[in-house]
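The values are calculated or read from the model by the stated rules, or taken from the named source; none is laboratory data. Treat the numbers as computed from the prediction; the structure is a model and nothing was measured. Here the Cβ is made from the backbone with ideal geometry for all residues, glycine too, and neighbour counts use every protein chain on show.
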Amino acid sequence: MAKTVVPFKLLVVIAGSAQTGGGFHQSITNLETLLRAAPKHFIIDVLPLSRAFDETLRRLLQEGKIESGQVLRLPAKLTNFRDRVISSEALIFRLARWALNLSGRRVGMSARARFIDNSDADLVYFLSPVPLAKELLLKPFVWTLWDICHLDSPEFPEVRTSYKFEDREDFYSKSLRKAALVVVDSTPLRENTAMAYGLHGNKFVTIPFSPPATLAAGETSPELPSEVRDLTAPYFFYPAQLWGHKNHVRIAEAIAQLTAEGHDFHAVFVGKDHGAGATIAKRIASLGVSDRVHFLGYVSDQAMGALYQNASALVMASYFGPTNIPPLEAFQLGVPVIASLIHKDQLAQGALYFDPDDEASLSDAMLAVQIPLVREQLVLQGEERLKGLDTERSIGEKSLIDSLTRLSRRLL
């Protein structure tokens, strides 16, 4: 007798914007994986929490990977002042939440959480670390975690001031413990998170990051942005939001040291300013290399491809990790990588490494990468590492589908 297969409804929640960097593209990659590999009895609905994914969703509709009825929309009149107090990330509302909690009052559930809890989903999957997950009372969920850097490096203001540490610790601890499954991108992150929050390792699925397919479009549009098109000296490329932890200053210090030694190099930075830009620019000016460091802000994927391909190397200077997506983008486009030591587990032999607290260590790597044989070996090793990560990713994706299938049997 044939076994009856009951449809299982999975609601996939996507959040963020293109300006948030690699996490935005990773969410799209993981969504496409689900649409391609989920069991046939899964009915996948997608709930975008912002309009940033509209272009992607239109493409998926045109390609027949999803139907219009599978894309849910939050009601236009969803929020009122109370809901903004509950869920807004604006400082005034975070302070209001703190004051309400300090007085012992429960703030309550946000309108977005009510919408999800009242949906007909059997399981909710958050493709990014959305704080909203902790509010759910009725729906079981899968959560995604990218890092626990507020614990690793609490000295930086972006994870310390204005109750950011407390807010993050609150929604991380609650979301991690309430989640039926947590998706992470590396073994070190899984192990460190399990230890920090007292969780069992079998609660996690590890799926490595991958470079976005859209970046390859840069190969067909190789023209550089006008701000750097006429540079005659080699430049080092760093795509990173302007936060303190991204360590732009160390790159500028290395450029200053190399300039003092008679070398001619530039640095090109792209990414949104989150408040650290003025401090970074002031330090660069004090080093006397403002004419050698170029801030381009947010640029398109096509411009990103051109900037990578014309760079002497990518410099991944961040203190946060242990993984990041830009080195994988460089691997994909055949660009040498210089990275801070925190990335060694992710990149293996595919990069030259430096101490992120030491500009001399970085300047040595910048000079070494100019040697043709070193560049050639780095590119080859990067290609090999990317293949290895692709294999690990395939294994992780299969593990995720197996885990989701098991959850569906428990929840139906």
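At-a-glance table
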{"read-out": "Residue in the range 24-55 that is modelled with the highest pLDDT, counting only those that are β-branched (Val, Ile, Thr) and within 22 Å of residue 393 (Cα to Cα)", "value": "44"}
{"read-out": "Which listed residue, of 265, 269, 237, is within 20 Å of residue 158 (Cα to Cα) and touching a strand residue (DSSP E or B) at 6+ places or on another chain (Cβ under 8 Å)", "value": "269"}
{"read-out": "Among residues of the range 134-168, those that are assigned to a helix (DSSP H, G or I), buried (at least 18 other Cβ atoms within 10 Å of the Cβ) and of a type in the set (A, V, I, L, M, F, W, C), counted", "value": "2"}
{"read-out": "The range 382-393 residues that are under 13 Å from residue 325 (Cα atoms), paired with ones that are hydroxyl-bearing (Ser, Thr, Tyr) and surrounded by 13 or more Cβ atoms within 10 Å (Cβ to Cβ) (beta carbon under 9 Å, 6 or more apart)", "value": "386/210; 389/210"}
{"read-out": "Count of the range 349-374 residues which are touching a strand residue (DSSP E or B) at 6+ places or on another chain (Cβ under 9 Å) and without any contact (Cβ under 8 Å) to a residue 60 or more places away in the chain", "value": "12"}
{"read-out": "Any hit, the range 295-312, residues being over 30 Å from residue 387 (Cβ atoms) and among the hydrophobic types (A, V, I, L, M, F, W, C)", "value": "yes"}
{"read-out": "Index of the failed condition, residue 238 passing every other in (1) of a type in the set (Ser, Thr, Tyr); (2) surrounded by fewer than 15 Cβ atoms within 10 Å (Cβ to Cβ); (3) not in a helix (DSSP H, G or I)", "value": "(2)"}
{"read-out": "Pairs where the first residue, in the range 397-408, is assigned by TED's automatic domain parsing to the domain that holds residue 34 and the second is part of a helix (DSSP H, G or I) and among the hydroxyl-bearing types (Ser, Thr, Tyr), C-beta under 9 Å, 6+ apart", "value": "397/33; 400/33; 401/33"}
{"read-out": "Hits in the range 256-284 (condition: part of a helix (DSSP H, G or I) and either in contact (Cβ under 8 Å) with a residue 12 or more places away in the chain or not assigned by TED's automatic domain parsing to the domain that holds residue 228 (or both))", "value": "256, 257, 258, 259, 277, 279, 280, 281, 283, 284"}
{"read-out": "Residue selected from the range 256-296 under the condition under 16 Å from residue 363 (Cβ atoms) and in contact with a Phe, Trp or Tyr (Cβ under 6 Å, 6 or more places away or on another chain), by the criterion surrounded by the most Cβ atoms within 10 Å (Cβ to Cβ)", "value": "267"}
{"read-out": "When residues of the range 364-396 are limited to those that are of a type in the set (S, T, N, Q) and under 27 Å from the mean Cα position of the chain (by Cα), the one surrounded by the most Cβ atoms within 10 Å (Cβ to Cβ)", "value": "381"}
{"read-out": "Of all residues making up the range 32-60, the number that are part of a strand (DSSP E or B) and within 20 Å of residue 113 (Cβ to Cβ)", "value": "4"}
